[in-house]
Amino acid sequence: MFLLYLFFIMIMISITFLTLLEQKILSYIQIRKGPNKVSFMGLLQPFSDAIKLFFKEFTLPIYSNYLIYYLCPLISFSVSLFIWCSFPFLYNLFSFNLMFLFVFSCMSIGVYFVMFSGWSSNSNYSLLGSLRAVAQTISYEVCMILFFICFFILVMELNMKKFMDFQEIFSFFLLNLLISFIFFIIFLAETNRSPFDFAEGESELVSGFNIEYSSGGFALIFLSEYSMILFLSMIFNFMFLFNSFIYLFIFMKLTLISFMFILVRGSFPRFRYDKLMYLTWKLYLPISLFYIIFMLDLKF
């Protein structure tokens with residue numbers, strides 16, 4: 001139990017410094033200085049932001065559904081931490097054969113909390129933002145699972161360790177360059193990150209499903225998003241880039257993928273919403289179905 005708590009504390013620290021990394025990278029992309037006043041090079045800036053957020057007043061809309069409105073950010077953050085139980089430790093802190101099934105189940109459950117967060121606020125803007133986010137997430141989850149079936153056909157296991165063993169000699173990245181690129185785009189859409197951040201389209205929806213949240217509620221939604229970014233970076237690492245059991249290399253590659261999430265945010269403008277749905281239903285879905293047939297022929 002102590003190792004479990006220590007693991008979750010390390011995840012929280014990683015999320016904290018991921019936000020600082022994003023602020024620094026975006027500031028250099030925009031040719032300005034990032035956080036540099038709070039301690040040496042602004043290293044304590046995330047902790048300062050957290051204290052400021054959690055000590056602000058928690059506002060409650062008069063016509064909101066209080067219980068759901070209050071619990072949704074808390075449960076969403078809990079699920080985003082609980083999903084880390086699928087991390088494939090070499091010393092079997094957690095190990096079960098249906099790791100990927102557990103991951104996809106937790107990711108699917110997270111959609112409900114986005115929907116209920118927008119609905120329980122009883123605001124038109126938050127409801128529209130949540131509907132956009134739910135439609136986007138469900139659409140890309142369909143393609144993500146179909147693409148994953150292609151790799152499942154090769155490995156015939158749902159245990160993440162089996163994926164690691166299968167790539168001991170060569171990685172799936174070299175075998176499936178196009179699919180790895182598509183997976184990265186799907187992960188961007190899954191986490192509602194730029195250029196697919198339509199749930200937070202300021203010009204249309206002000207701030208999306210979290211518009212009525214303040215203080216701790218907003219901070220928990222923010223933390224759950226960054227926890228999912230780190231987790232999906234880890235999934236991408238083990239699915240495509242894993243050919244070494246040295247944990248230093250694993251975390252270096254995980255940091256590189258997280259850096260790519262931030263780099264895309266600073267480089268690309270927001271897509272149109274109809275183009276986002278066109279991309280998944282008319283491009284990625286046919287490619288995934290074709291790729292499943294190809295893998296079945298290759299395997300059998």
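The values are calculated or read from the model by the stated rules, or taken from the named source; none is laboratory data. The structure displayed is predicted, hence computed values, not measured ones. Note: ideal-geometry Cβ built from the backbone for every residue, glycine included; neighbour counts use all protein chains shown.
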**Request:** Could you tell me whether segment 30-39 includes any residue that is of a type in the set (G, A, S), surrounded by fewer than 13 Cβ atoms within 10 Å (Cβ to Cβ) and either more than 19 Å from the chain's Cα centre (by Cα) or part of a helix (DSSP H, G or I) (or both)?
**Result:** yes
In this structure, does S27 turn out to be surrounded by 15 or more Cβ atoms within 10 Å (Cβ to Cβ) and touching a helix residue (DSSP H, G or I) at 6+ places or on another chain (Cβ under 8 Å)?
-> no
Of the residues in segment 211-234, those that are modelled with pLDDT under 85 and among the acidic types (D, E) come to E212
Could you go through segment 4-15 and let me know if any residue there is among the β-branched types (V, I, T), part of a helix (DSSP H, G or I) and surrounded by fewer than 14 Cβ atoms within 10 Å (Cβ to Cβ). yes
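Conditions (1) under 22 Å from D274 (Cα atoms); (2) of a type in the set (K, R); (3) in contact (Cβ under 8 Å) with a residue 12 or more places away in the chain, marked per residue:
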| residue | (1), (2), (3) |
| --- | --- |
| S126 | yes, no, yes |
| R132 | yes, yes, yes |
| C150 | no, no, yes |
| I153 | no, no, yes |
| E157 | no, no, yes |
| F183 | yes, no, yes |
| F187 | yes, no, yes |
| R193 | yes, yes, yes |
| F198 | yes, no, yes |
### Message
One residue is enough: does segment 240-256 have a residue meeting the conditions within 30 Å of L53 (Cα to Cα) and either buried (at least 18 other Cβ atoms within 10 Å of the Cβ) or touching a Gly at 6+ places or on another chain (Cβ under 6 Å) (or both)?
### Response
yes
message: S117 - would you say it is farther than 30 Å from F184 by Cα, in a helix (DSSP H, G or I) and either within 22 Å of the chain's Cα centre (by Cα) or without any contact (Cβ under 8 Å) to a residue 40 or more places away in the chain (or both)?
response: no
